[in-house]
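Q: Handing you a structure now.
Every number here is computed from the coordinates shown, using simple stated rules; none is lab data. Predicted model only: the values in this text are computed from it and were never measured. Glycine also receives a Cβ, built like all others from the backbone with ideal geometry; neighbour counts cover every protein chain displayed.
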Amino acid sequence: MDSETNHSVAAPAPEILNQLNICLYQVAILRAALELEVWAKVAEGEDSADRLSAAEHWDLLGTRMLLDDLCSLKLLAKDGDQYQLGPEAEHYLLPDKSTYFGRLLLADFSWAGNSHLAGAIRTGSRPIGFSATAPEAIDYWTGTYSRILAAPEKYLKRWDVMWDALGIHGHDGLRILDLGCGPAPKSLALALANSGVRITLLDWERILQAARRFAANLGVDNQVTSLSGDLASVAYGRNRYDVAFLGDVTHFFSREQNAHIFRKAYDALVDRGTIVIKAVRREYIDPTTPQLAFYAVSAGGDLYDFEEYKAMLKHAGFTNIVDTNIVDLEIQPIKAIKRA
Ligand SMILES: C[S@@+](CC[C@H](N)C(=O)[O-])C[C@H]1O[C@@H](n2cnc3c(N)ncnc32)[C@H](O)[C@@H]1O
């Protein structure tokens, strides 16, 4: 019996597709609310559909539906005809706060929802929208750091565990080069552990400003210096660091770019100095993490596995290349040694 005449086989319900279709609308609602800065307006007192639409000259029906849909998404709460921000919206959805998450989400929308991803997969031409390794991504990064800036103690404690597992302990005179540092929670954890630790941070200037503020809040700014600019071209110096750290940045670079950066780090390390690479790796990626999100934002990056990192590190001159799996943190840093 062919499939056309087999009426006894019930068609499966398109459950997954229906769910995805709802997600598409939810994403569009979130984007509209971010563009309209709805949370800031509600917080300022435009807290009913009537007041908001009148003050902003928006369509009343659309405004009411948007506010109600945001309640369904738990990004607003409603009491009578009055809307309020919950703790999450207070923290992450007010543009004036350093913890604002909207920049990250809006930056991600620059590629989502259009047809460029299919085109990139066809041709390999990427990044789509912005590049994670260029200064244009600064707003994106600033958004991702809001969680760290909101709860520094929690994040710093976590990284003590990583350094312990790697056998790297804060001691007087330890010099660390943190490449693509962001707000530098990992290296600053070592600075906090010992006041004799010295950290050199490298990132774009605007990111460094945030990192310096973060260090000042932690009371370790006197232990920190910085180098600003492109980590592929800024001079790191020679024979002056005990540890070079690359946290969640190498997966955005091509093999050739990483080999170049690793060689610069090799030159910057003292003899027997250590390079540590923490990255999203193909062997360990969480199945709920969209891999194409990494593909979309870089020209040549990849979720390299240990063997690929080993080849890049060897090429740069490193030896004793070791994989670690810190199960508690679900991270797998790679460590290698310079032997001049
Ligand atoms: C995912 S964040 C990681 C931040 C930090 N290393 C950590 O582990 O939390 C990547 C950082 O690398 C920086 N970055 C990316 N490409 C860069 C480049 N070409 N030059 C300097 N910094 C760069 C970004 O600005 C961003 O702060």
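Q: Rounded if a/c is under 1.5, else prolate if a/b beats b/c, else oblate: with a ≥ b ≥ c from the C-alpha gyration tensor eigenvalues square-rooted, which is the range 255-340?
A: oblate
Q: Oh, and also: Run the simple label-point estimate for GLU44 and ASN194 please: 7 Å along Cα→C-beta, distance reported in nm.
A: 5.1
Q: Would you calculate the separation in nanometres between label points at ASP160 and GLU15, each defined as 7 Å from the Cα along the Cα-to-beta-carbon direction?
A: The modelled label-to-label distance comes out at 4.5 nm.
Q: Relative contact order, percent, of the chain when contacts are C-alpha pairs under 8 Å separated by at least 6 residues?
A: 12
Q: Of all beta bridges DSSP finds with both residues in the chain, what is the antiparallel percent, to the nearest 5?
A: Looking only at bridges with both residues in the chain, the antiparallel portion is about 35 percent.
Q: While we're on this one: Quick one: PHE214, PHE294, fewest Cβ neighbours within 10 Å first, how do they rank?
A: PHE294, PHE214
Q: Note the full-extension length gain between SER125 and ASP96 as 0.36 nm times their separation in residues minus their Cα-Cα distance, in nm to one decimal.
A: 6.9 nm
Q: Based on alpha-carbon centroids, what's the gap between the range 125-156 and the range 295-340 in Å, whole number please?
A: About 21 Å separates the Cα centre of the range 125-156 from the one of the range 295-340.
Q: Taking N as the number of residues in the chain, what value does Rg over Cα atoms divided by 2.2 N^0.38 Å take?
A: With N residues counted in the chain, Rg over 2.2 N^0.38 Å equals 1.18.
Q: Follow-up question, since we're still on this one. Separation between the GLU37 and ARG206 pseudo-spin-labels, each 7 Å from Cα along Cα→Cβ, expressed in nm?
A: Reported label-point gap for GLU37 and ARG206 is 1.6 nm.
Q: Do the sum for the chain: with -39,500 (n - 2.57) for every DSSP H run of n ≥ 4, divided by all residues, what is the mean residue ellipticity at 222 nm, to the nearest 500 deg cm²/dmol?
A: After summing the helix terms and dividing by the residues of the chain, the value is -13000 deg cm²/dmol.
Q: Further, regarding this structure: Set the Förster distance to 22 Å, then compute FRET efficiency between GLU307 and THR144 from the Cβ-Cβ distance, nearest 0.05.
A: It comes out at approximately 0.15.
Q: Among DSSP bridges having both ends in the range 191-340, what percentage is antiparallel? Round to the nearest 5.
A: The antiparallel fraction comes to roughly 40 percent.
Q: Also, quick follow-up: Which is farthest toward the positive dipole end of the chain among HIS260, MET162, SER98, measuring Cα position about the Cα centre, with Cβ charges +1 (Lys, Arg) and -1 (Asp, Glu)?
A: The residue sitting farthest along the positive end of the dipole is HIS260.
Q: Once both axes come from the Cα atoms, what is the angle between helix 255-268 and the longest principal axis of the chain, in degrees from 0 to 90, rounded to 10?
A: 40
Q: Going by C-beta contacts inside 10 Å, put VAL322, VAL224 in order with the fewest on the left.
A: Listed from fewest to most nearby Cβ atoms, that is VAL322, VAL224.
Q: A further question follows. Would you mind ranking LYS264, LYS157, LYS78 by Cβ crowding within 10 Å, fewest neighbours first?
A: LYS157, LYS78, LYS264
Q: Shape call for the range 8-92 from the C-alpha gyration tensor, a ≥ b ≥ c root eigenvalues: rounded (a/c under 1.5), prolate (a/b greater than b/c) or oblate?
A: Prolate.
Q: Return P(r) of the range 152-337 (all Cα-Cα pairs; 5 Å bins starting at 0; whole %; ordered from short to long distances).
A: Pairs per bin, as whole percents: 1, 8, 17, 21, 22, 18, 9, 3, 0.
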